[in-house]
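Below: one structure, written as structure tokens.
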Amino acid sequence: MPNTTNIQIALSIRQPWAWLIIRPDLTDDSSRSYALVNNLFKDIENRTWQTKYTGPLLIHAAKGFTWEEYCAAQEFLILQDIPIVLPEFQSFQLGGIIGKAKMLQCVDQSKSRWFTGPYGFQLTSPEILPFQPFRGQLNFFQVSM
């Protein structure tokens, strides 16, 4: 019998940034299309390290999440004039896969209002996936789905 296990690459991202990449609050095609056109998805994941990886990327919501991180994200949205209202602090999914996106490239500069550098993983085509608990890791890691 052939092996049907599908190995995929994942990246653990702290909330609410993972939520902002996937936007699970937008469940119908028209609201997701509107948000894509108006740059209401986080299209850059900022990192201190570079990569040459491109391709499909599972978005893992890290288990750790603090009130300070939540407030910093809200402040970022206000300062960047991004009209997104975050859900309540306690409603975020933690410690599992929440979606996927396509990683186009790693950049060291970008016109995206989401870029803070020094490196940014440019993301596109965000998709919501059913929450799957999974232990995160540093850097990219493999997930059997």
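Rule-based calculations on the coordinates, nothing more; no lab input. These numbers were taken from a predicted model, which means no experiment stands behind them. Please note: Cβ atoms are built from the backbone with ideal geometry, for glycine as well, and neighbour counts cover all protein chains shown.
Remarks
- Amide H contacts for I13 (H built 1.01 Å from N in the peptide plane; partners 5 or more residues away or on another chain; cut-off under 5 Å): H60, A61, A62.
- Extended-chain gain in nm, criterion 0.36 nm per residue less alpha-carbon gap, V37 and Q80: 13.8 nm
- Model label sites at Q50 and T116, defined 7 Å from Cα along the beta-carbon direction, differ in position by 2.3 nm.
- 9 Å beta-carbon shell around W114, net charge (K/R +1, D/E -1): 0
- At R0 = 25 Å, FRET efficiency that the Cβ-Cβ distance of F141 and V107 yields, to 0.05: 0.70
- Near the amide H of L129, within less than 5 Å, lie the amide hydrogens of G99, K100, all on another chain or at least 5 residues away, with H placed in the peptide plane.
- Net charge, T54 excluded, C-beta distance under 15 Å - Lys, Arg +1, Asp, Glu -1: +2
- Using R0 = 22 Å, the C-beta based FRET efficiency linking L129 and S91 works out to 0.80.
- At 0.890 mPa s and 25 °C, Stokes D of region 56-111 from Kirkwood alpha-carbon radius, µm² per second: 181 µm²/s
- Exposure proxy order (Cβ contacts within 10 Å, fewest to most) of E88, E69: E88, E69
- Nearest 10 degrees, 0 to 90: helix 67-79 Cα axis against the chain principal axis: 60 degrees
- Rounded if a/c under 1.5, otherwise prolate or oblate - region 69-145, Cα gyration tensor axes: oblate
- Taking C106, C71 and counting other C-beta atoms within 10 Å, the order from fewest to most: C71, C106
- Exposed trypsin sites (Lys or Arg not before Pro) absent - longest run of the chain, DSSP non-H/G/I/E/B, at most 11 other C-beta within 10 Å: 53-110
- Residue exposure sequence - M145, M103 - by fewest surrounding Cβ within 10 Å: M145, M103
- Debye intensity ratio I(q)/I(0), log10, the chain, q values 0.09, 0.15, 0.21 Å⁻¹ (C-alpha model): -0.26, -0.75, -1.52
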